[in-house]
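Only one structure is covered here, and it is reproduced in the block below.
The values are calculated or read from the model by the stated rules, or taken from the named source; none is laboratory data. What you see is a predicted model; the values in this text were computed from it and never measured. Note that we place each Cβ from the backbone using ideal geometry, even for glycine, and neighbour counts take in every protein chain shown.
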Amino acid sequence: MNIFRFAGDMTHLISILILLLKIYATKSCAGISLKTQELYALVFLTRYLDLFTDYVSLYNTVMKIVFIASSLAIVWCMRRHPLVRRSYDKDLDTFRHQYVVLACFVLALLLNEKFTIQEVFWAFSIYLEAVAILPQLVLLQRSGNVDNLTGQYVLFLGAYRGLYIINWIYRYFTEDHFTRWIACVSGLVQTGLYADFFYYYYLSWKTNTKLKLPA
Amino acid sequence: EEAESGHDEL
């Protein structure tokens, strides 16, 4: 475990908790894509199938449980919470994410480290995480609503991606057998999509601040 | 700290 990966895990966790707290505090999920949050929950559920079989460390196990619980809590809030669900932009969050899930699963069947259930689902979760932001990106382009997508959320999400890439570079130079091409290539694609999301976030945020200024 | 499945990253 290196500091970059630890910091990356922490910023990733904080970004999820910021979103969860924001939804819970404002009792609103306007501008947030339920589909992206469902994809994230699916990423954690399919990636941590080894939660009860492989014990890596207490940290690893605790973090897996926290990631699964927090991502499911966001989905539950957006689907079931009587107040929150009313503010969901159902008719704007129309990205057909089932095709993305299917494409990632087919790719995982073809490109994986070992053709076992666990490895195929692990590769699936890696590919899915890379494209999970797409419904949120589409919703942001359509609604321009950044009320619940706070700047801190975007900041920590960016920090998570950046730190993980530094972690891979660090491990590449310090460990001889570090070959995680699936995670690295997919992670780079994910970071590229996040950069696109951040760009549209900035545009929406700029427009909103202009709109909010006294006319 | 490697897991049997070799995935030690979250």
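Here are some notes:
- The residue list A:45, A:13, A:20, A:51 contains one member that is on the phi < 0 side of the Ramachandran plot and modelled with pLDDT under 95, which is A:51.
- Within the range A:125-143, residues that are in contact (Cβ under 8 Å) with a residue 24 or more places away in the chain sit with their Cβ atoms under 6 Å from residues that are among the charged types (D, E, K, R), at 6+ positions apart or across chains, in these pairs: A:125/A:47; A:135/A:35; A:139/A:93; A:143/A:89.
- Screening residue A:193 on (1) out of contact with any helix residue (DSSP H, G or I) (no Cβ under 6 Å at 6 or more places or on another chain); (2) surrounded by 21 or more Cβ atoms within 10 Å (Cβ to Cβ); (3) at pLDDT 95 or above shows it passes everything except condition (2).
- The numbered conditions (1) surrounded by fewer than 20 Cβ atoms within 10 Å (Cβ to Cβ); (2) under 27 Å from residue A:142 (Cα atoms) are all true for residue A:59 except (2).
- Some residue of the range A:68-75 being farther than 22 Å from residue A:137 by Cβ, within 14 Å of chain B (Cβ to nearest Cβ) and surrounded by 16 or more Cβ atoms within 10 Å (Cβ to Cβ): yes
- Put simply, of A:140, A:157 the only residue that is away from chain B (no Cβ under 14 Å) and either touching a Leu at 6+ places or on another chain (Cβ under 8 Å) or surrounded by fewer than 19 Cβ atoms within 10 Å (Cβ to Cβ) (or both) is A:140.
- Pair list, Cβ under 6 Å, 6 or more apart: the range A:32-46 residue of a type in the set (Phe, Trp, Tyr), other residue in a helix (DSSP H, G or I): A:40/A:71; A:44/A:67; A:44/A:68; A:44/A:71
- Which listed residue is farther than 26 Å from residue A:117 by Cβ and within 14 Å of chain B (Cβ to nearest Cβ), from A:14, A:32: A:14
- Entirely in the range A:97-215, the helices (runs of 4 or more DSSP H) that have 2 or more residues that are among the polar types (S, T, N, Q): A:117-131, A:134-143, A:151-174, A:181-212
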